[in-house]
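Novice: Below is a structure I'd like to ask you about.
The values are calculated or read from the model by the stated rules, or taken from the named source; none is laboratory data. Since this is a predicted model, take the numbers as computed values, not measurements. Cβ placement follows ideal geometry from the backbone for every residue including glycine, while neighbour counts extend to all protein chains displayed. Calculation scope for accessible area: heavy atoms of the full protein, side chains included, ligands and nucleic acids excluded. Shrake-Rupley method; radii C 1.70, N 1.55, O 1.52, S 1.80 Å.
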Amino acid sequence: MKVPFSTFSVLHGEVRDEMIAAFTKVYDKGWFIQGEECAAFEKEFAQYCNRDYCVGCATGLDAIYLILKAMGIKAGDEVICPSNTFIATVLAVSYTGATPVLVEPDEVTYNMCGKGLEEALTDRTKAVIAVHLYGQTAEMDEIKAFTKAHNLKLIEDVAQAHGATYKGVKAGDFGDAAAFSFYPGKNLGALGDGGAVVTDDKELAEKVHAIANYGSVAKYNHQYQGTNSRLDEVQAAFLRIKLRGLDATNAFRCSVAERYLQKITNPKIKLPVIGANRTHVWHLFPVMVGDKAAFKAHLEANGIGYNEHYPIPIHKQGAYADCNLGSFPFAEYISANEVSLPMYYGMTDEEVDYVIDVLNRY
């Protein structure tokens, strides 16, 4: 048997007719940017996140950048980020001219917590980006207490945690603003790139919207040095359809994860842990193994797809070779040992059982 790391075949098969009808509607209307579909999705997604405002944009990276830019983060400022996030988080900081300052994550959940925040603080620190990694939230009580104590902006990177909760509050509803990615592989994925910013701050939302539209507050009236980052009508229409089924697809992923957690018993494989007071939506199912090369070879020999998140930590990337970001041994441990197992809506019982069997035979 072969089991892919991920596939959209079942999910997209179920909504195929709706998606084609949505595309046809946009196609026939002939309005492709900043139209009714984007406005409707922004309203619906804001409601889903329990936020007052949502601004669609082109990518998740842009969403973070737009928030930082609208907050006035600039050269000379510092922004604290986790050491084991995807590089987009810190690229957004760099694009503003500010400096990313990395801190190590919690050693149980691999998510940001209060650890290292005080040590990272300087008089140049302006914000913290809390990344909700793999499908569960960061330790938000500790992070919020820190940002409040030091009057810092709190930004959430929710690219991997659509619908996850912490103490009953949804990811994206904690910070001054939150950034989402709708890359196709996300729990809520477009059929191309897409992103969004959510916030309760009307002024910030309006500024994000303007900066994303060439800095324009009205046609040909440019108050900011903006960029072009807009969620197009076709992707917004697709996302509206898939948003309606997000909780159900998340629940399915949880059922797969529960079987993995209960039935993978191989002591060579360290399973993920759900943090206290959290719900997990399992964007990824990451395991840690001591000999990654041997483990990957075993998966390949048995037809099991996998991925690695992320094999080179940020402070070791060539893009930041001249930045002296520091030493982060736990981020290096994660990079050296993490492998993501198959996790997608529509996995059959036979596929799940086969993955479990292959892992237990490793």
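Novice: Taking Cα extents along the principal axes in Å straight from the coordinates, which label in (1) 69, 45, 44; (2) 67, 43, 35; (3) 64, 54, 37 is the correct one?
Specialist: The listed entry that was calculated here is (3).
Novice: Oh, and also: Can you grab the distance from the C-alpha centre of the range 1-36 to the C-alpha centre of the range 167-223, Å, no decimals?
Specialist: 22
Novice: Given 57, 184, 32, which one lies farthest toward the positive end of the charge dipole of the chain, if we put +1 on the Cβ of every Lys and Arg and -1 on the Cβ of every Asp and Glu?
Specialist: Sorting the options by dipole projection puts first 32.
Novice: Computing the accessible area with a 1.4 Å probe over protein heavy atoms, can you report the carbon and sulfur percentage for the range 61-127? Don't skip to the end; give the middle numbers.
Specialist: Working: 1260 of 2280 Å².
Carbon and sulfur: 55 percent of the exposed surface of the range 61-127.
Novice: Also: Classify the range 56-141: rounded, prolate or oblate, from the alpha-carbon gyration tensor (a ≥ b ≥ c, eigenvalue square roots; a/c under 1.5 rounded; otherwise prolate if a/b is larger than b/c)? Spell out each step's value before the answer.
Specialist: Values: a/c = 2.13, a/b = 1.22, b/c = 1.75.
It comes out oblate by the Cα gyration axes.
Novice: Let me ask something else about it. Kindly rank 348-360, 315-327 from highest to lowest mean number of other beta carbons found within 10 Å of each residue. List each step's numbers first, then the result.
Specialist: Numbers: 348-360: 16.6, 315-327: 12.6.
By packing density, highest mean first, the sequence is 348-360, 315-327.
Novice: What is the sum of charges around residue 11, taking Lys and Arg as +1, Asp and Glu as -1, for the other residues whose C-beta is under 13 Å from the C-beta of residue 11?
Specialist: Values: positive: 16, 186, 242, 244, 253; negative: 14, 18.
With Lys, Arg at +1 and Asp, Glu at -1, the neighbours total +3.
Novice: Suppose every Lys and Arg Cβ carries +1 and every Asp and Glu Cβ carries -1, with no other charges. What dipole size does the chain come out with about its Cα centre, to the nearest 20 debye? Walk me through the numbers before you get to the answer.
Specialist: Details: 34 positive and 45 negative charges, 30 e Å.
Dipole magnitude for the chain comes out near 140 debye.
Novice: I need to check one value: relative contact order of the chain, counting alpha carbon pairs closer than 8 Å and at least 6 residues apart, in percent.
Specialist: Details: 761 pairs, mean separation 82.7, N = 362.
Relative contact order here is 23 percent.
Novice: Name the residue from 243, 94, 174 whose Cα lies farthest towards the positive end of the charge dipole of the chain, charges +1 on Cβ of Lys and Arg and -1 on Cβ of Asp and Glu.
Specialist: 243
Novice: For the chain, what is the accessible area per residue in Å² when the probe is 1.4 Å? Walk me through the numbers on the way to the answer.
Specialist: Working: 15430 Å² over 362 residues.
Here the per-residue accessible area is 43 Å².
Novice: OK, next. Excluding residue 255 itself, what net charge comes from residues whose Cβ is under 14 Å from its Cβ, given Lys and Arg +1 and Asp and Glu -1?
Specialist: Here the charged neighbours net out to -2.
Novice: Hey, any idea what % of the range 194-241's accessible area is carbon plus sulfur with a 1.4 Å probe? The partial results should precede the final answer.
Specialist: Values: 940 of 2270 Å².
So the carbon and sulfur contribution to the accessible surface is 41 percent.
Novice: Could you give the length gained by full extension between residue 39 and residue 261, i.e. 0.36 nm per residue of separation minus their alpha carbon distance, to one decimal place? Kindly include the intermediate steps, with their values, before the conclusion.
Specialist: Values: separation 222, 0.36 × 222 = 79.92 nm, distance 4.01 nm.
Here the answer is 75.9 nm.
Novice: Apply the Karplus parameterisation 6.51 cos²θ - 1.76 cosθ + 1.60, with θ equal to phi minus 60°, to every residue of the range 34-43 and state each ³J(HN,Hα) to the nearest whole Hz, in sequence, with x for glycine and proline.
Specialist: Computed from phi, the couplings for the range 34-43 are 6, x, 5, 5, 5, 4, 5, 5, 4, 5 Hz.
Novice: In deg cm²/dmol, rounded to 500, what helix-only [θ] at 222 nm does the chain give when every DSSP H run of at least 4 residues adds -39500 (n - 2.57) and the total is split over its residues? Please report the intermediate quantities before stating the final value.
Specialist: Values: 12 runs with 140 residues, N = 362.
Computed ellipticity for the chain at 222 nm equals -12000 deg cm²/dmol.
Novice: Same structure again: Return the carbon/sulfur percentage of the accessible area of the range 253-362, one whole number, probe 1.4 Å, all protein chains in place. Provide the component values of the computation, followed by the final result.
Specialist: Numbers: 2390 of 4830 Å².
Within the range 253-362, the accessible surface is 49 percent carbon and sulfur.
Novice: While we're looking at this one, here's another question. So which GluC sites (Glu not before Pro) in the range 1-108 pass both tests, a DSSP loop state and at most 15 other Cβ atoms within 10 Å of the Cβ? Let's see the in-between values first.
Specialist: Numbers: sites: 14, 18, 36, 37, 42, 44, 78, 107; in loops: 107.
The qualifying sites are 107.
Novice: Using a simple charge model, +1 on the beta-carbon of Lys and Arg, -1 on the beta-carbon of Asp and Glu, nothing else, what dipole does the range 259-362 show about its Cα centre, in debye to the nearest 20?
Specialist: Magnitude of the dipole: close to 300 debye.
Novice: Then there's this: Treating the beta-carbon of each Lys and Arg as +1 and of each Asp and Glu as -1, no other charges, what is the dipole magnitude of the range 180-281 about its Cα centre, to the nearest 20 debye?
Specialist: On the way: 14 positive and 9 negative charges, 122 e Å.
Dipole size: approximately 580 debye.
Novice: Please give me, ordered by residue number, the trypsin sites (Lys or Arg not before Pro) of the range 1-98 that lie in loop per DSSP and have at most 16 other Cβ atoms within 10 Å.
Specialist: Numbers: sites: 2, 16, 25, 29, 43, 51, 69, 74; in loops: 2, 51, 74.
Counting only loop positions with at most 16 other Cβ atoms within 10 Å, the trypsin sites (Lys or Arg not before Pro) in the range 1-98 are 2, 74.
Novice: Nearest 5 percent is fine: what portion of the DSSP beta bridges confined to the chain is antiparallel? If you can, show how the numbers build up before the last one.
Specialist: Numbers: 23 of 41 bridges.
Around 55 percent antiparallel, to the nearest 5.
Novice: Another question about this same structure. Grab the other residues whose beta carbon is less than 13 angstrom from that of residue 163, score K and R as +1, D and E as -1, and report the net.
Specialist: Working: positive: 170, 186, 242, 244, 253, 278; negative: 173, 247.
Local charge sum for residue 163: +4.
Novice: Does anything in the range 152-171 have its amide N under 19 Å from the 7 Å Cα→Cβ label point of residue 122, and if so which residues?
Specialist: 152-153
Novice: Sticking with this one: Among the trypsin sites (Lys or Arg not before Pro) in the range 181-242, which ones are in a DSSP loop with at most 15 other Cβ atoms within 10 Å of the Cβ? Mind listing them? Could you put the intermediate results ahead of the total?
Specialist: Values: sites: 186, 202, 207, 219, 230, 240, 242; in loops: 186, 219, 230.
For trypsin sites (Lys or Arg not before Pro) across the range 181-242 that sit outside H, G, I, E and B with at most 15 neighbouring Cβ atoms in 10 Å, the list reads 219.
Novice: Which of the three applies to the range 148-215, rounded, prolate or oblate, going by the alpha-carbon gyration tensor with a ≥ b ≥ c and a/c under 1.5 meaning rounded? Each step should come with its number before you reach the end.
Specialist: Working: a/c = 2.47, a/b = 1.09, b/c = 2.27.
Taking the square roots of the gyration eigenvalues as a ≥ b ≥ c, the range 148-215 is oblate.
Novice: First check a/c for the range 1-84, with a ≥ b ≥ c the square roots of the eigenvalues of its C-alpha gyration tensor; if it is under 1.5, answer rounded, and if not, answer prolate when a/b is larger than b/c or oblate otherwise.
Specialist: On the way: a/c = 2.55, a/b = 1.37, b/c = 1.85.
Because a/c hits 1.5 or more and a/b fails to exceed b/c, the range 1-84 counts as oblate.
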